[in-house]
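Novice: Take a look at this one; I'll ask things after.
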Amino acid sequence: MNQKINLQELLSKYQAGTISDEERVLLEEWYAQWKPEQQDLSSEEIDQLKTNVWQSLNIGQSPAATKRLWPRIGLVASVILCLSIGGYYYLSKSKTEQQQTTAKAEKVDIAPGSNKAVLVLNNGSKINLNSQVNGTIAKQGNVKIVKMANGQLAYAPDNSGASAVVYNTLSTPRGGKYDLVLADGTKVWLNSASSITYPTDFKGNERTVSITGEVYFEIVHNVKQPFRVNFKGHTIEDIGTEFNINTYDDEPVIKTTLVAGSIKLSRNSRSVTLRPGQQSITSLSNTDIEVKDADINEATAWKNGLFKFKKAKIEDVMRQLSRWYNVDVAYPYGVPKTVFSGEMIKDANASQILDMLAYFKVNYEIVQQTKGSGKKIIIKP
């Protein structure tokens with residue numbers, strides 16, 4: 001069977017949901033390893049590729065063993081779900097065109113974001129967490145601030161006596177992310193260009209924090225001390241909850257997505273209570289609170305190391321890439337009328353993500369800006 005028919009067959013199975021675990025692994029591994037110059041393979045070479053894939057992945061031991069492969073293989077080929085036609089076009093493109101695109105991507109590239117954050121203490125002093133070794137990095141009142149071995153920041157009360165409540169702020173830059181455990185055990189995930197301001201210890205009859213950007217919460221519920229999140233004139237009160245808030249300034253709407261438990265969202269004199277799987281949508285231009293069913297995987301993909309797009313406009317896609325890769329985006333020839341669906345791993349260079357988008361006939365160039373060390377993505381016709 002020739003390569004094009006073989007690939008198209010696997011694509012059809014992938015889209016129909018009838019693909020087997022082994023076929024899925026082969027398809028994803030093939031997609032990750034395929035190079036334009038390998039466009040024409042003989043049947044013997046294809047069989048050898050299959051053999052190499054199975055041997056390198058140790059497939060066939062057990063379902064559990066297969067499941068453990070996914071982090072290693074990555075979900076990059078999930079984009080193929082949208083390429084049953086585009087994938088065939090991709091294979092049929094001329095070598096010259098493919099090589100020109102590859103040469104552009106290799107000329108200037110951008111590494112993915114990573115754990116980066118700055119902690120601002122109550123007295124205004126700043127700690128760059130990237131340069132801190134693991135262990136206790138500061139003390140605020142009767143609370144120790146500890147950088148854990150996994151890079152997470154945690155607050156540990158040492159019960160050395162009463163002290164005044166003080167506030168800290170943790171902020172991530174573009175190209176950064178960070179995890180935090182508050183003094184009550186609540187877990188917090190910060191996406192790029194985000195922040196949270198919080199007390200180092202929770203006293204009194206409520207726990208209140210404020211955020212910017214995008215933050216995921218896993219609240220430790222305490223009926224005697226409700227947890228509240230403030231952002232842009234909104235207040236969320238948890239009722240034993242996991243939820244995501246996207247309140248970036250450059251996004252057209254604010255989205256709050258409930259994963260588990262229950263939350264009450266209040267804005268001015270209006271309020272709604274969300275159930276798991278629901279999402280509230282608000283904007284600064286009106287006072288309405290829209291509630292709809294949510295795609296939980298899409299809303300929380302960033303926390304799990306993925307980009308997930310569902311009929312997303314290119315502007316929506318590029319805003320996420322801009323924050324994660326700390327790069328500016330320009331549309332000197334206008335914004336393409338293209339939508340995307342699929343998943344891609346975030347632990348990849350920008351060119352790898354953009355190459356996938358290029359299969360939808362959206363061309364790009366990564367250039368070094370003349371001033372400073374920053375880079376820019378130019379979307380081209």
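The values are calculated or read from the model by the stated rules, or taken from the named source; none is laboratory data. Quick caveat: nothing in here was measured; it's all calculated off a predicted structure. As a convention, Cβ positions derive from the backbone with ideal geometry for all residues, glycine included, and neighbour counts pool all protein chains shown. Note: accessible area is taken over every heavy atom of the protein model, side chains too, but ligands, DNA and RNA are not part of it. Shrake-Rupley method; radii C 1.70, N 1.55, O 1.52, S 1.80 Å.
Novice: Can you tell me which residues in region 280-309 are part of a strand (DSSP E or B), within 19 Å of residue 250 (Cα to Cα) and not aliphatic (A, V, I, L, M)?
Specialist: 280, 282, 307, 308, 309
Novice: So which of 219, 254 ends up being among the hydrophobic types (A, V, I, L, M, F, W, C) and more than 28 Å from residue 312 (Cα to Cα)?
Specialist: 219
Novice: Out of everything in region 172-188 that is open to solvent by less than 40 Å² (accessible area, probe 1.4 Å) and assigned to a strand (DSSP E or B), what residue ends up being farthest from residue 218 (Cα to Cα)?
Specialist: Step by step, filter region 172-188, then rank; the result is 176.
Novice: Right, something else. Among the residues of region 338-362, count how many are at pLDDT 90 or above and open to solvent by 60 Å² or more (accessible area, probe 1.4 Å).
Specialist: 1
Novice: Out of 274, 265, 284, 306, report the one residue that is hydrophobic (A, V, I, L, M, F, W, C) and touching a residue at least 60 places away in the same chain (Cβ under 8 Å).
Specialist: The match here is 306.
Novice: What are the pairs, 6+ residues apart or on separate chains, where a residue within region 110-136 that is under 18 Å from residue 155 (Cα atoms) and open to solvent by less than 40 Å² (accessible area, probe 1.4 Å) has its Cβ under 7 Å from a residue that is part of a loop (DSSP other than H, G, I, E, B) and polar (S, T, N, Q)?
Specialist: Cβ pairs passing all conditions: 117/172.
Novice: Condition (residue is touching a Lys or Arg at 6+ places or on another chain (Cβ under 8 Å) and open to solvent by 40 Å² or more (accessible area, probe 1.4 Å)) applied to region 296-319: is it met by at least one residue?
Specialist: yes
Novice: Taking region 193-216 as the search range and keeping residues that are part of a loop (DSSP other than H, G, I, E, B) and within 26 Å of the chain's Cα centre (by Cα), which one is surrounded by the fewest Cβ atoms within 10 Å (Cβ to Cβ)?
Specialist: By that ranking, first place goes to 193.
Novice: Further question on the same structure: Any idea which of (1) open to solvent by less than 70 Å² (accessible area, probe 1.4 Å); (2) of a type outside the set (Gly, Ala, Ser); (3) touching a residue at least 12 places away in the same chain (Cβ under 8 Å) is the one residue 292 doesn't satisfy?
Specialist: (1)
Novice: Kindly establish whether residue 376 is outside any loop (DSSP other than H, G, I, E, B), surrounded by fewer than 18 Cβ atoms within 10 Å (Cβ to Cβ) and either in contact with a Lys or Arg (Cβ under 9 Å, 6 or more places away or on another chain) or not β-branched (Val, Ile, Thr) (or both).
Specialist: Yes.
Novice: Considering each of 307, 243 in turn, give the residue that is of a type in the set (Phe, Trp, Tyr) and at pLDDT 95 or above.
Specialist: One residue alone meets the criteria, 243.
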